[in-house]
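Colleague: Okay, here's the structure, questions in a sec.
The values are calculated or read from the model by the stated rules, or taken from the named source; none is laboratory data. What you are looking at is a predicted structure, and each value in this text was computed from that prediction instead of being measured. So basically every Cβ, Gly included, is an ideal-geometry build from the backbone, and we count neighbours across all protein chains shown.
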Amino acid sequence: MLHSEAHGMVLGRRHLVPAWAFRSDHDVELVETAGWVINGTGTPPSKPDMTRVLSKLSGISIRGGYYKGNEDAYLMAVKMTAGPKSADSVKTSLKKQNILSSNAPVDGTPPPPEGIPPPPEGEL
């Protein structure tokens, strides 16, 4: 389970461990499409939900088994590794924008000062 106290969200995975398995190995992806559900609602998280939880992660819980009564469960070789970088996962908040005023020509010439009308079309 992924816990984010800052956002009041807990995400969990269902059906990860097969029933009556003595030993099982798992790779768990930290993306919203990997079978995660929001604890309490059972609905899948959206991409913004997953980003919120991972950006303010306060804890990770790993349950060793799913049996009633006494049990012994062991976790071996738990690792967190960075996934491969793909072109889709690279984000930037920078956007190239061209903002033109209604009286500014496209060629980059600055608009006339306020209060002075622009020259007639033929005189450009």
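Colleague: Would you mind stating whether Ala73 is surrounded by 11 or more Cβ atoms within 10 Å (Cβ to Cβ), of a type in the set (A, V, I, L, M) and assigned to a loop (DSSP other than H, G, I, E, B)?
Modeller: yes
Colleague: What's the number of the condition Asn39 fails, among (1) without any contact (Cβ under 8 Å) to a residue 40 or more places away in the chain; (2) closer than 21 Å to Val17 by Cβ; (3) within 21 Å of the chain's Cα centre (by Cα); (4) surrounded by fewer than 11 Cβ atoms within 10 Å (Cβ to Cβ)?
Modeller: Among (1) without any contact (Cβ under 8 Å) to a residue 40 or more places away in the chain; (2) closer than 21 Å to Val17 by Cβ; (3) within 21 Å of the chain's Cα centre (by Cα); (4) surrounded by fewer than 11 Cβ atoms within 10 Å (Cβ to Cβ), the lone unmet condition for Asn39 is (4).
Colleague: Further question: Could you tell me which numbered condition Arg14 fails, if it satisfies all but one of (1) touching a residue at least 12 places away in the same chain (Cβ under 8 Å); (2) surrounded by 10 or more Cβ atoms within 10 Å (Cβ to Cβ); (3) of a type outside the set (S, T, N, Q)?
Modeller: Arg14 satisfies every listed condition except (2).
Colleague: Name the residues in region 17-36 that are surrounded by 13 or more Cβ atoms within 10 Å (Cβ to Cβ) and at pLDDT below 80, would you?
Modeller: Residue satisfying the conditions is Val17 alone.
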